[in-house]
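First comes the structure, then the notes that go with it.
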Amino acid sequence: MKNGFFLLAFFVSTLSTAAESYQPINLVPPLPAREFRGAWIATVGNLDWPSAPGLSVAQQQAELISLLDTAVRLKMNTVVFQVRDACDAMYASPMEPWSEYLTGAQGRPPEPYYDPLEFAIEEAHKRGLELHAWFNPFRVRLSLTAPAAANAISRTHPDWVRQYGDELWLDPGEPAVREYVLRVILDVVRRYDVDGVHFDDYFYPYPTTNSVGAKLPFPDDATWTRYGERSGLSRDDWRRQNINEFIESIYRNIKATKPWVKFGVAPFGIWQPGYPPQIKGFNSYAALRADSRLWLENGWVDYFSPQLYWSINSPGQSFPVLLNWWEKQNVKGRNLWPGLAAYVAGKKFPVGEIARQIQVTRAQPGASGEIFFELRDFQENPALAAAVAAEYAQPALVPASPWLETSPLARPALAGREGRGGWSFQWETLSGSPVAKWVLQFCGPDNAWRTVILPAYQTTQVFSFTPEVVAVRAMDRAGNMGPPAVVKRVEESFWRSGKWQ
């Protein structure tokens with residue numbers, strides 16, 4: 001009888017014992033923050049990576065990983081990696097020689113062999129970062145003294161190449177040149193899992209002078225005679241048309257190859273002096289033959305990043321005045337992500353200027369993030385890193401590009417299981433558009449939602465605590481998100497849980 005009493009008491013007590021589980025609920029978590037947070041990784045002249053030509057493969061890879069980890073630590077979401085600075089390659093190109101900035105001699109492959117672009121993409125995607133491949137389309141060589149590789153364009157097609165001052169350039173007025181550069185870029189788009197293709201501000205070269213200070217004309221008499229004179233345009237308008245046709249062709253062909261690959265341009269920040277009226281400075285429309293406003297107005301880009309490398313209070317080149325003007329030109333509603341001059345923070349202007357420019361950009365309705373030149377400066381300037389880290393307190397997703405062609409995303413299947421290390425959550429999706437990232441959201445007893453951005457291959461997350469609600473969404477390459485799968489912690493009686501069996 002005594003034993004029976006204790007047994008009855010045990011069963012009664014277990015009726016109030018709670019077992020935790022997670023059940024699906026009809027709840028939509030708050031949308032995570034959207035803000036482009038990018039940085040350029042410049043390879044030309046060994047500005048960012050590698051730090052010197054001819055480093056060992058192990059050193060090169062360690063440096064690149066360190067840069068990517070810096071981006072992650074600062075809660076950035078994109079790196080823009082320079083893969084072709086002067087008709088050469090930081091990847092295994094079937095068309096152009098290996099870069100001299102990689103191995104010390106143009107055409108020499110890394111030893112032991114690896115593909116830096118393939119490595120960079122894999123490591124970036126592991127960390128939830130987008131990687132955009134940055135090309136300089138028409139520059140051939142920055143120096144005439146270093147020997148060119150046997151397959152360098154200056155040797156295989158010297159008829160396309162012009163000497164301008166101490167540099168070599170492809171002539172954009174030659175249709176075969178524009179077609180060749182297009183083939184180089186599409187080769188990368190087809191063979192590599194890049195998230196974007198990127199140009200900066202180099203089209204026709206920046207003006208230079210001769211030994212007595214006279215401005216040098218670009219030596220394109222042959223192409224002007226062959227193609228330009230019959231165009232009915234002035235020589236400068238014909239040059240601008242060459243670049244316009246090239247930009248439109250790049251955009252159209254990228255979309256025909258991989259519709260989700262974004263195309264972005266970062267032109268010189270001033271289109272023309274006087275636009276808007278108070279603006280003074282270099283005329284990129286006239287000198288570089290870059291009608292960048294036309295490209296934005298026509299929607300030939302998915303994102304536009306004018307290099308606004310001046311301070312907020314600069315009277316002739318005011319950062320907010322220029323940003324506001326560019327927003328007004330963005331009639332197609334493309335992503336507007338201005339370029340910020342991290343490399344002069346603490347030198348030309350205080351480090352705090354960068355934080356203020358982030359705040360100004362956030363206050364501009366048509367802008368949704370920024371891109372820094374350059375990433376290595378955040379490693380070498382702790383004050384700059386601290387200022388940006390304070391602004392980027394929480395992670396943010398890359399803004400969507402809803403005009404890109406995508407398929408609907410499916411709701412994941414989400415389940416939680418208790419284990420020795422804590423609660424483990426697994427999810428999967430079996431249909432819909434391919435997943436680029438997972439957006440994991442959760443909240444604890446404080447009811448504050450937190451967001452973690454995970455690479456596509458990661459479909460599990462372990463918590464060392466017991467979250468109240470967990471949600472997962474799929475995100476595609478265009479930045480679109482699918483419906484969330486949401487589960488909530490519930491307590492079940494010992495009997496209902498079935499754990500007594």
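The values are calculated or read from the model by the stated rules, or taken from the named source; none is laboratory data. Fair warning: this is a prediction, and the values are worked out from it, not measured in the lab. Glycine also receives a Cβ, built like all others from the backbone with ideal geometry; neighbour counts cover every protein chain displayed.
For the criterion of being in a loop (DSSP other than H, G, I, E, B) and either within 27 Å of LYS258 (Cα to Cα) or in the same structural domain as ARG239 (by TED's automatic domain parsing) (or both), ASP193 passes.
Can you tell me which of TRP134, TRP160, TRP169 is under 21 Å from TYR303 (Cβ atoms) and either of a type in the set (A, V, I, L, M) or at pLDDT 95 or above (or both)? Explain how you work it out, then say what you get.
Numbers: TRP160 fails: under 21 Å from TYR303 (Cβ atoms); TRP169 fails: under 21 Å from TYR303 (Cβ atoms).
Every option except TRP134 fails the conditions.
On the given criteria, is GLU297 of a type in the set (Asp, Glu) and closer than 23 Å to VAL184 by Cα? Lay out the reasoning, then the answer.
On the way: of a type in the set (Asp, Glu): yes; closer than 23 Å to VAL184 by Cα: no.
No; evaluated as a whole, the condition is false for this residue.
Each residue in region 177-220 was checked for being loosely packed, with under 14 Cβ neighbours inside 10 Å, more than 26 Å from GLN272 (Cβ to Cβ) and at pLDDT 95 or above, and 3 of them qualify.
Please pick out the residue among GLU248, GLU229 that is assigned by TED's automatic domain parsing to the domain that holds TYR164 and either over 13 Å from LEU182 (Cβ atoms) or exposed (fewer than 13 other Cβ atoms within 10 Å of the Cβ) (or both).
Values: GLU248 fails: either over 13 Å from LEU182 (Cβ atoms) or exposed (fewer than 13 other Cβ atoms within 10 Å of the Cβ) (or both).
Of the residues listed, the single one that is assigned by TED's automatic domain parsing to the domain that holds TYR164 and either over 13 Å from LEU182 (Cβ atoms) or exposed (fewer than 13 other Cβ atoms within 10 Å of the Cβ) (or both) is GLU229.
Cβ-Cβ distances below 7 Å connect the following pairs, each with a first residue in region 45-69 that is modelled with pLDDT of 95 or more, a second residue that is among the aliphatic types (A, V, I, L, M) and part of a helix (DSSP H, G or I), and a separation of six or more residues or different chains: ASP48/LEU67; TRP49/LEU64; TRP49/LEU67; PRO50/LEU102; PRO53/LEU102; LEU64/ALA120; LEU68/ALA124. Here TYR343 clears all of (1) closer than 24 Å to PRO399 by Cβ; (2) in a helix (DSSP H, G or I); (3) in contact with a helix residue (DSSP H, G or I) (Cβ under 8 Å, 6 or more places away or on another chain) except the condition numbered (1).
Give region 143-164 a look and list any residue that's touching a residue at least 40 places away in the same chain (Cβ under 8 Å), surrounded by fewer than 15 Cβ atoms within 10 Å (Cβ to Cβ) and over 16 Å from GLY107 (Cβ atoms), or say none. Selection gives GLN163 alone.
Residue selection: GLU174 satisfies the criterion of being within 30 Å of PRO259 (Cα to Cα), surrounded by 14 or more Cβ atoms within 10 Å (Cβ to Cβ) and among the acidic types (Asp, Glu). So, in region 260-286, how many residues would count as being in contact with a Phe, Trp or Tyr (Cβ under 7 Å, 6 or more places away or on another chain) and either in a helix (DSSP H, G or I) or outside the structural domain of TRP134 (by TED's automatic domain parsing) (or both)? Count: 2. Counting only helices (runs of 4 or more DSSP H) that sit completely within region 46-145, those holding 3 or more residues that are farther than 30 Å from PRO158 by Cα correspond to 57-73, 116-126.
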